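The block underneath contains the structure these notes are about, expressed in structure tokens.
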Amino acid sequence: MSEDASSQQSVGCGQKAAQLGQALLASPIYTGIMLVLTVFALFGEDLRVLAFPSSADDGFNAVASFTFFAFVFDLLLASFSRTSRSTKDAATASGNALQEKFGIKGYFLSFFFWLDFVAALSIVTEIPWIWSLIVGRSLVC
């Protein structure tokens with residue numbers, strides 16, 4: 001197989017993967033799951049402290065961990081499937097200096113990318129096993 005043919009095949013695979021990613025992101029089931037996880041990310045810790053005994057902490061930590069990894073997966077999937085290389089003119093028209101610098105357009109490095117990035121990062125403080133790795137000490141009393 002020539003180099004051109006393998007290059008065209010890999011481009012085709014990348015485009016198919018991006019299309020599958022876009023289809024997943026647009027799926028009502030995926031959207032519903034991410035909605036439930038977003039509500040948990042917003043209110044789960046408060047609900048745990050307010051209404052549950054400490055014996056429920058492990059369950060909440062497991063759901064918070066799953067939520068964090070789902071948010072990271074969503075961030076990566078959207079970055080891959082909703083971002084493309086662009087000409088300088090198209091990137092300049094977006095008004096995003098980072099996208100212009102790297103010659104891309106779409107989701108990656110856009111306002112919504114940073115919003116999702118901060119949302120995923122904010123969950124880290126609610127997951128003891130990740131947070132203890134960052135601060136360097138155990139949080140268990």
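Brief remarks follow.
- Selection over region 95-124 of residues that are in a helix (DSSP H, G or I) and modelled with pLDDT of 90 or more gives a count of 14.
- Of the residues screened, Ala62 is not one that is in contact with a helix residue (DSSP H, G or I) (Cβ under 7 Å, 6 or more places away or on another chain), in a helix (DSSP H, G or I), among the small types (Gly, Ala, Ser) and modelled with pLDDT of 80 or more.
- Test: residue in region 81-94 that is small (Gly, Ala, Ser), surrounded by 14 or more Cβ atoms within 10 Å (Cβ to Cβ), over 20 Å from Phe68 (Cβ atoms) and at pLDDT 90 or above: yes
The values are calculated or read from the model by the stated rules, or taken from the named source; none is laboratory data. All figures in this text were calculated on a predicted structure; none of them were measured in a lab. All Cβ positions, even for glycine, are placed from backbone atoms using ideal geometry, and neighbour counts span all protein chains on display.
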